[in-house]
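Please read the structure below before turning to the comments.
The values are calculated or read from the model by the stated rules, or taken from the named source; none is laboratory data. Since the structure is predicted, the reported quantities are computational estimates derived from the model, not experimental observations. Note: ideal-geometry Cβ built from the backbone for every residue, glycine included; neighbour counts use all protein chains shown. Heavy atoms of the whole protein, side chains included, go into the accessibility calculation; ligands, DNA and RNA do not. Shrake-Rupley method; radii C 1.70, N 1.55, O 1.52, S 1.80 Å.
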Amino acid sequence: MPHRARLTVDLSALDRNYRTLSAVAGPAETAPVVKADGYGLGARQVSLSLWEAGARSFFVARLDEGEALRRALGPARPARIFVLDGLVPGTADRVRRSQLIPLLADPGQVAAARAAGGDFPVGLHVDTGMNRQGLSPADLSTLVGDPVLQPVLLMSHLGSAAEAGAKRNQVQLERFRAARGLFPDLPASLAASAGLFLGTEWRFDMVRPGVSLFGGGPFETPDPRIEAVATLDAPILYVRTVEPGEWLGYGSGLQVTQPLRIAVAAAGYADGLLRRGGGRASAWFAGARRPVRIINMDLLAIEIGDTPARPGDRIELMGPNLPVDDLAAATDTVAHECLVRLSGRARRRYVRS
Ligand SMILES: *Cc1c(COP(=O)(O)O)cnc(C)c1O
């Protein structure tokens, strides 16, 4: 067993999450979002698995992510690949070559698509209230009946979908419906992981889940319908007792007042954990949750009381016993960030359960 942190990606759990989301969203199409190297789990491996499970449309953020995904899927798997960054001016040839579908997100991108001659399909991203990308409703209205563009999707993105009752959701839904009224024949997509659970009226023709495919609950807390896909574990290197009056790790803050028995494991923030989880996150060892006392670059220490432990025993830092949403809550972030950080030193392996 190698002495380093290990990231195990369970492709069967991924497929089951895909089927669960598809069943909730159906008849809307479920189009996986595999940006940022498949949320840190390997865009190639997760996309091939999702294709087998039935996915036929995918979303990435960057142009080069789309190119890499096209290569990974190859000619035998002619998926539609949507690029959320849209059409960066000067990249039309690359879009054509890899048969990508840019989601036009501002008037400059519309101009670039027109200048390119409109010989590839595009999506129209309308801003309904996130104010970071997307065409304004007024800009969108100028595209009705456009003689050059070939739109195949109208989309927008919700800013507060994880807060089920948020007023902003209703505002965005109304604006999206209005936009859709301009393009009644165009397939439409509004919801990501959280939005698709808000109800039928949010699902339109296509939903775009990312984090819930990869084990995050749609509403930022663990959800029994969603299975863990990624497990991070690490071997114990040392077991020791810190005596009262001594310090633990860096800084003078952690002086212990009573004997503290710890297991020191071969994982740290260089393996994708967040340093601020020290003193707040939990680990799973010998059938119970244990407090994580410190997270350094290469090492972390968990408190184990009098539980027997030996070098080589493995502790779980995220996985079936420690949902990614719990780790996110303990480190003041969202499951998305916990997952994408794992693309560091941890050794990745793929299993089917
Ligand atoms: C990242 C992203 C998604 C996926 O969001 P999740 O919360 O991970 O489901 C969907 N749509 C857009 C536009 C995104 O940027």
> Restricting attention to segment 30-76, and to residues there that are of a type in the set (Asp, Glu) and in contact (Cβ under 8 Å) with a residue 24 or more places away in the chain, which single residue is most open to solvent (accessible area, probe 1.4 Å)?
Replying inline: Glu52
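Criterion first (assigned by TED's automatic domain parsing to the domain that holds Ala267, within 17 Å of the chain's Cα centre (by Cα) and open to solvent by less than 50 Å² (accessible area, probe 1.4 Å)) does Thr333 satisfy it? Even if it seems obvious, please write down each step before you answer.
Details: assigned by TED's automatic domain parsing to the domain that holds Ala267: yes; within 17 Å of the chain's Cα centre (by Cα): yes; open to solvent by less than 50 Å² (accessible area, probe 1.4 Å): yes.
So Thr333 fits the description; yes.
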>> Any residue in segment 244-272 that is exposed (fewer than 11 other Cβ atoms within 10 Å of the Cβ) sitting within a Cβ distance under 8 Å of a residue that is in a loop (DSSP other than H, G, I, E, B) and modelled with pLDDT under 90? List the pairs, counting only those 6 or more apart or interchain.
In response: none
>> I'd like to know if segment 113-124 contains one or more residues that are assigned by TED's automatic domain parsing to the domain that holds Trp51, closer than 18 Å to Leu190 by Cα, touching a Ser or Thr at 6+ places or on another chain (Cβ under 9 Å) and at pLDDT 95 or above.
In response: yes
> Which of (1) modelled with pLDDT of 95 or more; (2) open to solvent by 50 Å² or more (accessible area, probe 1.4 Å) does Gly165 not meet, given it meets every other one?
Replying inline: (1)
> Which numbered condition trips up Thr333, out of (1) more than 16 Å from the ligand (Cβ to nearest atom); (2) part of a loop (DSSP other than H, G, I, E, B)?
Replying inline: (1)
> Taking into account only those residues within segment 11-42 that are assigned to a loop (DSSP other than H, G, I, E, B) and farther than 24 Å from Arg62 by Cβ, which is farthest from the ligand (Cβ to nearest atom)?
Replying inline: Pro27
> If you go through segment 280-293 one residue at a time, do you hit one that is under 10 Å from Ala234 (Cβ atoms), open to solvent by less than 50 Å² (accessible area, probe 1.4 Å) and assigned by TED's automatic domain parsing to the domain that holds Gly251?
Replying inline: yes
> How many of the residues in segment 186-224 are more than 9 Å from the ligand (Cβ to nearest atom), touching a residue at least 24 places away in the same chain (Cβ under 8 Å) and among the small types (Gly, Ala, Ser)?
Replying inline: 3
>> One residue is enough: does segment 172-185 have a residue meeting the conditions assigned to a loop (DSSP other than H, G, I, E, B), of a type in the set (A, V, I, L, M, F, W, C) and in contact (Cβ under 8 Å) with a residue 12 or more places away in the chain?
In response: yes
>> I'd like the full set of residues that are open to solvent by less than 70 Å² (accessible area, probe 1.4 Å), under 23 Å from Ser282 (Cβ atoms) and either among the hydrophobic types (A, V, I, L, M, F, W, C) or part of a strand (DSSP E or B) (or both), limited to segment 338-353.
In response: Cys338, Leu339, Val340, Leu342, Ala346
>> Quick check on my filter: what residues within segment 307-350 are farther than 21 Å from Gly210 by Cβ, at pLDDT 95 or above and not small (Gly, Ala, Ser)?
In response: Thr307, Pro308, Arg310, Pro311, Asp313, Arg314, Ile315, Glu316, Leu317, Asn321, Arg349
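So if I check each of Val207, Val171, Val148, which one is buried (at least 21 other Cβ atoms within 10 Å of the Cβ), on the phi < 0 side of the Ramachandran plot and assigned by TED's automatic domain parsing to the domain that holds Ala23?
Working: Val171 fails: buried (at least 21 other Cβ atoms within 10 Å of the Cβ); Val148 fails: buried (at least 21 other Cβ atoms within 10 Å of the Cβ).
Matching residue, one of Val207, Val171, Val148: Val207.
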